[in-house]
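In what follows, a structure is listed as structure tokens, so that the remarks can point back to it.
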Amino acid sequence: MNDFDCVIHGAEVFVGQSLARCDVGVRNGKVAALAERIDGGHSRFDGSGKWLLPGGVDAHCHIDQPPNPGSAARGAQMADDFESGSRSAAFGGTTTLIAFAPQFKGQSLRDALQVYHARATGRSFIDYGFHMIVSDPTDDVLQHEIPALVEEGYTSIKIYLTYEALRLSDRQVLEVLDASNGCGMLTMVHAENLDCILWLTDRLERQGKTAPRYHAESRPMLVEREATFRAVALAELVGAPILIVHVSGREAIDVIAEARARGLPIVAETCPQYLFLSSDDLHTEDGAKCMCSPPPRAKENAPFVWRGLQSGALSLVSSDHAPYRFDESGKLKYGPRASFRFIANGIPGLETRMPLLFSEGVMAGRLSLAEFVELCCTAPARIYGLLPHKGQIAVGADADFALWDPTRKTVINNALLHHNVDYTPYAGMQVTGWPTQVWVRGELVCNDGVLKGALGHGQFLRRGKHGVPMRANA
Ligand code: DUC
Ligand code: ZN
Ligand code: ZN
């Protein structure tokens, strides 16, 4: 009578919008049954006292992606490849990641994708997809590659309003948005104003202000607010949806909330660094460890980001994992005294994203459990065309779960984590709740701190059309 591959029993399971006591039967990598009691199963796992939540979907991570050869930090090496990045993600409760495949100028999107497929194939513990980064929107890219790639399951691209090697002109942005809109490709926008940043950087350097803390002064909130406003305006002109990535603070959130109140199809993401770090963290000897773009803002800013999550102005939380070691291979490539201009931007965060948000969101009473699951699992799956398979626990969905011990107290330190970075910006923070077991399509990948998964179990995901409604709040 039992033909389940695995039964997880005794846990409180997140189904629909809340926890319910039920057992979960898994067959062929999918949820086959949810019932008060399920007997049998080739293997059984006792989840008593714990919460079974959907596996996380981290829709913004940079893995095995060197800085663009045209960037000031060229030559810095990312610490994580797909093996260490996906392992770290899994231990933090994430079962799907979407990484970037950047196009260099003169390169086709397809060639860029091929490079990253070669890096990921057979090398991931969890399922993965790719967003293309479009830096050279030629006629061929706009007219042929973008529509063809949507049909093949690559349904999102990222464009930049900053970084000299990546920045698109407003005209190019309009053309990308128009081409994408025509075929159902979702455009993600990195919104910071390049000319303002370069002008401020030159001025700071002339004044001898080159320490990591000046990184934040070189890209203040105003430059993000301006670029966010412009991205919204350009999208409105075209009538296209956009997703603004790594929104860092109040002024950009206000722009987004206003656009959404007008019904525009604008969605936005934030990241843990804008909730848990501040510009003060750049003021130390090793401030480069917390250098990312946009930078962490003043301490007073974080409550506005929490409010953005609570109000729905911000729709999802991703890590923006961009892992560099604090040595000559990464952050210190140009020496310990290099100007901030030459320090690779990015911080690690795949493994800490969900525990931080669970602890300071759910356990501290800032978010309901349903809001946490929406922000970390369901919304990214919906927005990036992965529902109904990912982001929820439901019959027919992939058996991607994280079993959380909601009371476990953990002081975060780097030795606990599974990335290949030699530090975490969150060291010393105490969190309540941690995922103790993680399954990907029914395979137990992590069990009480021990890696059980097989390298290569993670599969490439062809994604469906994006799920951004054409009217906000629809
Ligand atoms: N900023 C980005 O835009 N990408 C990677 C990391 C970062 O800090
Ligand atoms: Zn970015
Ligand atoms: Zn990024």
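The values are calculated or read from the model by the stated rules, or taken from the named source; none is laboratory data. Everything numeric in this text was worked out from a predicted model, so none of it was measured. Reconstructed Cβ throughout: ideal geometry from the backbone, glycine too, with neighbour counts over all protein chains shown.
Annotations for the structure displayed:
- Only one entry in 58, 80 is under 21 Å from the mean Cα position of the chain (by Cα), in a strand (DSSP E or B), among the charged types (D, E, K, R) and modelled with pLDDT of 95 or more, namely 58.
- Scanning the stretch 107-134 for residues that are part of a loop (DSSP other than H, G, I, E, B) and in contact with a Lys or Arg (Cβ under 6 Å, 6 or more places away or on another chain) yields one hit, 125.
- Qualifying residue in the stretch 441-448 (condition: touching a residue at least 60 places away in the same chain (Cβ under 8 Å), buried (at least 18 other Cβ atoms within 10 Å of the Cβ) and assigned to a loop (DSSP other than H, G, I, E, B)): yes
- Residue match in the stretch 88-101 (condition: touching a residue at least 40 places away in the same chain (Cβ under 8 Å) and farther than 23 Å from residue 434 by Cα): yes
- Helices (runs of 4 or more DSSP H) completely within the stretch 262-381 that count 1 or more residues being of a type in the set (D, E, K, R) and within 16 Å of ligand 3 (Cβ to nearest atom): 353-357
- Qualifying position, being without any contact (Cβ under 8 Å) to a residue 40 or more places away in the chain and either surrounded by fewer than 22 Cβ atoms within 10 Å (Cβ to Cβ) or in a helix (DSSP H, G or I) (or both), among 211, 257, 233: 233
- Unique residue being more than 16 Å from ligand 1 (Cβ to nearest atom), of a type outside the set (Phe, Trp, Tyr), out of contact with any helix residue (DSSP H, G or I) (no Cβ under 9 Å at 6 or more places or on another chain) and over 18 Å from residue 339 (Cα atoms) when the list is 180, 169: 169
- For the stretch 61-92, a residue qualifies if it is of a type in the set (A, V, I, L, M) and over 26 Å from residue 455 (Cβ atoms), and the qualifying residues are 72, 73.
- In the stretch 183-206, residue farthest from ligand 3 (Cβ to nearest atom) [restricted to those that are under 19 Å from residue 136 (Cβ atoms) and not hydroxyl-bearing (Ser, Thr, Tyr)]: 183
- Evaluation of residue 412 against (1) free of Cβ contacts under 8 Å to residues at least 60 places away in the same chain; (2) surrounded by 17 or more Cβ atoms within 10 Å (Cβ to Cβ); (3) not aromatic (Phe, Trp, Tyr) (one fails), failing number: (1)
Residues are listed down the side, and each one gets a yes or a no for (1) out of contact with any Pro (no Cβ under 7 Å at 6 or more places or on another chain); (2) on the phi > 0 side of the Ramachandran plot; (3) away from ligand 1 (no atom under 16 Å from the Cβ):
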site	(1), (2), (3)
296	yes, no, no
302	yes, no, yes
320	yes, yes, no
333	yes, no, no
347	no, no, no
375	yes, no, yes
390	yes, no, yes
